[in-house]
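Have a look at the structure below before the remarks.
A short reminder: the numbers here are calculations on the coordinates, not readings from a lab. Note that this is a predicted model, so its numbers are computed, not measured. Cβ atoms come from the backbone with ideal geometry, glycine included; neighbour counts cover every protein chain shown.
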Amino acid sequence: MLQKAAAVFLLIVFAGTATAQSWVQVESQPGTRQAIARAEAYARILPNVSAFRTGPRWHAIVLGPFATEGEARRRLQELRAQRLVPNDSYVADGSTFGTRVFSSEGTTTALAPTPVPAAPAPVLEPGEETEAEARRSERNLTREDRALIQMALKFEGFYASVIDAAFGPGTRRAMAEWQEAAGFEPTGVLTTLQRRDLVDGYNAVISSLSIAPVVDEQAGIEIELPTAMVKFDRYDAPFAHYEPNSPDNVKVVLISLEGGTTTLAAFYDIMQTLEAVPTDGERSLGRESFTIEGISDTIRSHTYARRAGDAVKGFSLIWPAGDDKRFNLALEAMRASFRTTDAILPDNAGTGVQDIDLLSGLEIRRPILGQSGFFIDGEGAVLTSSTALGQCQRITLDEETEVDLVAEEPGLGIALLRPKEPLSPLSVARLMTTEPRIQSDIAVSGFSFGGLLSAPTLTFGKLADLKSLDGDDRVARLNLRREPGDTGGPVFDPSGAVIGMLLAGTEGARQLPDEVSFAADAKELAAFLTENGVTPSAMDRGEHIPPEDLTELAGDLTVLVSCWN
């Protein structure tokens with residue numbers, strides 16, 4: 001029955017919406033005076049502001065007119081980017097506009113002063129009903145009418161229960177709250193004109209979305225989409241991409257691939273690695289389906305997938321943040337209409353474009369920074385550079401294990417990380433207790449290229465001095481060409497002892513030769529660890545070990561440290 005109701009209101013909405021002009025609607029206000037006051041406020045910062053009646057009490061505050069819908073959408077995008085209009089502003093065709101009551105160009109319909117009687121009595125505006133009359137007119141509503149009113153109340157944020165077309169206590173409370181917000185007496189019984197105002201506002205937004213059925217035969221999915229916002233662009237298995245059709249930058253991705261329960265669970269994990277699925281938000285995985293909500297400062301997304309025979313089918317809706325009403329409206333239509341057929345998107349369907357940062361055309365979430373660190377105890381504590389960690393919302397080891405920043409020494413640029421759950425590293429660093437020899441061979445282990453390689457690389461050089469150029473004996477100078485990803489990595493002598501940790505950058509503002517690098521001395525690292533409750537492993541200078549053994553040791557104790565936002 002809900003589908004029937006939805007079909008009815010869509011038919012109502014789409015009838016007669018063609019017009020030669022387009023407008024940017026920024027607000028709706030329940031009273032003429034309120035509408036004029038808000039329109040005047042907008043007119044102080046924006047040109048071409050008008051307010052029109054859209055019903056007995058409601059008014060639309062708009063910008064325009066614009067010659068084409070495209071021009072209106074471009075202007076809307078500019079205004080949103082400048083934060084001059086609300087995020088839920090939209091392009092309207094003006095079909096519901098009545099009398100103009102305000103214009104920044106001077107064509108305002110003036111309001112006569114309203115005298116205030118000493119003992120005001122309730123006066124009904126023309127066409128309004130008493131509560132008893134409203135109850136009588138309400139009895140003539142069809143089931144579809146009642147369902148549509150509930151949907152409109154839900155869209156406005158006053159109703160959160162099921163659409164059952166029954167005006168029970170929950171619906172009555174929602175009606176009263178809507179009446180109070182709109183400036184009416186909160187009786188809990190809508191008059192004919194109030195019902196019209198409520199539904200007209202809802203229908204205007206439905207019209208701006210142009211929700212319509214879409215049948216994707218290759219993906220084997222039937223669904224209603226906001227066709228004013230998205231259009232089909234391409235296949236990139238297992239996705240069908242529906243890219244933005246307006247400046248709102250809305251996207252839809254249909255999901256279609258062969259598989260069962262195992263595939264569903266694996267795909268649940270994969271989807272959470274994508275930029276389009278922010279890390280904040282509720283998510284759940286069951287045997288037959290999963291749901292992922294993603295919320296960030298810039299986007300909001302909803303991903304749903306379920307088993308459908310021998311396939312996994314689903315969708316992702318990706319929407320700009322701050323436009324929750326329209327997001328929820330589109331999402332509800334998509335969820336209610338989602339159907340599957342036997343077709344499955346072939347594995348080879350797509351453009352063939354390959355990129356390490358893309359998964360079937362969707363951008364993979366990447367850390368904003370990747371550097372190196374090394375294990376220093378048997379529970380997985382890690383030493384690394386502290387220089388860039390302050391900007392991280394989340395820190396991981398090898399892009400998987402989350403860690404806490406438990407201590408740092410900003411003056412020296414070192415930090416101690418502790419995994420949220422204990423690890424068992426294959427090896428831990430042994431800090432040299434004796435002074436290394438100047439001009440001796442050294443090697444730095446690090447993820448020179450961030451996370452592009454799965455293992456660290458060794459970079460060889462010489463120990464140039466036991467102090468920095470400024471004479472700081474806490475820092476050794478190295479003759480070694482470093483990469484940014486090597487920062488925080490261990491500096492080995494030929495016996496496999498760690499003589500220091502590679503530091504970030506160069507000294508101060510001076511531009512030094514590329515082969516000049518610096519490392520925090522092992523004695524300073526040991527003191528820092530001891531102060532923070534970690535007893536480091538120690539090692540005296542020993543015999544040289546074969547290069548392949550040093551490479552294996554470095555791989556066992558060096559770890560990729562990633563910073564995420």
Self-check item: Computed log₁₀ I(q)/I(0) - Debye formula, equal Cα scatterers, no solvent, the stretch 367-565, q 0.12, 0.15 Å⁻¹
Solution: -0.51, -0.82
Quiz item: Do the sum for the chain: with -39,500 (n - 2.57) for every DSSP H run of n ≥ 4, divided by all residues, what is the mean residue ellipticity at 222 nm, to the nearest 500 deg cm²/dmol?
Solution: -7500 deg cm²/dmol
Exercise. State the extension gain, in nm to one decimal, for the chain segment bounded by Arg335 and Arg481, taking 0.36 nm per residue of separation less the distance between their alpha-carbons.
Key: 47.0 nm
Quiz item: For the residues Thr558, Thr32, what sequence is obtained by ranking on other C-beta atoms within 10 Å, fewest first?
Solution: Thr32, Thr558
Self-check item: Potential lengthening between Asn140 and Ala41 on full extension [0.36 nm per residue; Cα-Cα distance subtracted]
Solution: 31.5 nm
Practice problem: Could you check the simple spin-label distance between Glu402 and Asn249, using points 7 Å along Cα→Cβ, in nm with one decimal? | Solution: 2.6 nm
Practice problem: Could you tell me whether the stretch 14-106 comes out rounded, prolate or oblate from its Cα gyration tensor? Rule is a ≥ b ≥ c as square roots of the eigenvalues, rounded for a/c under 1.5, then prolate if a/b exceeds b/c, otherwise oblate. | Solution: oblate
Exercise. Counting other beta carbons within 10 Å of each Cβ, put Met501, Met229 in order, fewest first.
Key: Met229, Met501
Self-check item: At most 11 other Cβ within 10 Å, DSSP loop - trypsin sites (Lys or Arg not before Pro), the stretch 457-565
Solution: Arg510
Quiz item: How far is helix 169-181 tilted off the main Cα axis of the chain, in degrees rounded to 10, range 0 to 90?
Solution: 90 degrees
Quiz item: Helix 2-14: angle to the longest alpha-carbon principal axis of the chain, degrees 0 to 90, nearest 10?
Solution: 70 degrees
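With a cut-off of 8 Å between alpha carbons and a minimum separation of six or more residues, what is the relative contact order of the stretch 394-483 in percent?
Result for the stretch 394-483 is 17 percent.
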Quiz item: Separation between the Glu548 and Leu469 pseudo-spin-labels, each 7 Å from Cα along Cα→Cβ, expressed in nm?
Solution: 4.1 nm
Practice problem: State the antiparallel share, in %, of DSSP beta bridges confined to the chain, rounding to the nearest 5. | Solution: 95 percent
Quiz item: Counting other C-beta atoms within 10 Å, which of Arg173, Arg195 has the fewest, and how do the rest follow?
Solution: Arg173, Arg195
Practice problem: Calculate, for Phe460 and Leu512, the FRET efficiency according to 1/(1 + (r/R0)^6) with r their C-beta to C-beta distance and R0 25 Å; round to the nearest 0.05. | Solution: 0.80
Quiz item: Going by alpha carbons, how many degrees (0 to 90, nearest 10) lie between the helix axis of 547-557 and the longest principal axis of the chain?
Solution: 40 degrees
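Classify the stretch 212-363 as rounded, prolate or oblate, taking a ≥ b ≥ c as the square roots of the eigenvalues of its Cα gyration tensor: rounded when a/c is under 1.5, otherwise prolate if a/b is larger than b/c and oblate if not.
Cα axes put the stretch 212-363 in the rounded bin.
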Exercise. Put one equal scatterer on each alpha carbon of the stretch 131-207, apply the Debye formula with no solvent term, and list log10 I(q)/I(0) at q = 0.15, 0.18, 0.24 1/Å to two decimals.
Key: -0.43, -0.64, -1.22
Quiz prompt | Listed values (1) 17, 54, 27, 2; (2) 17, 40, 32, 11, 0; (3) 18, 35, 27, 17, 3, 0, entry calculated as P(r) over Cα pairs in 20 Å bins from 0, in percent | solution = (3)
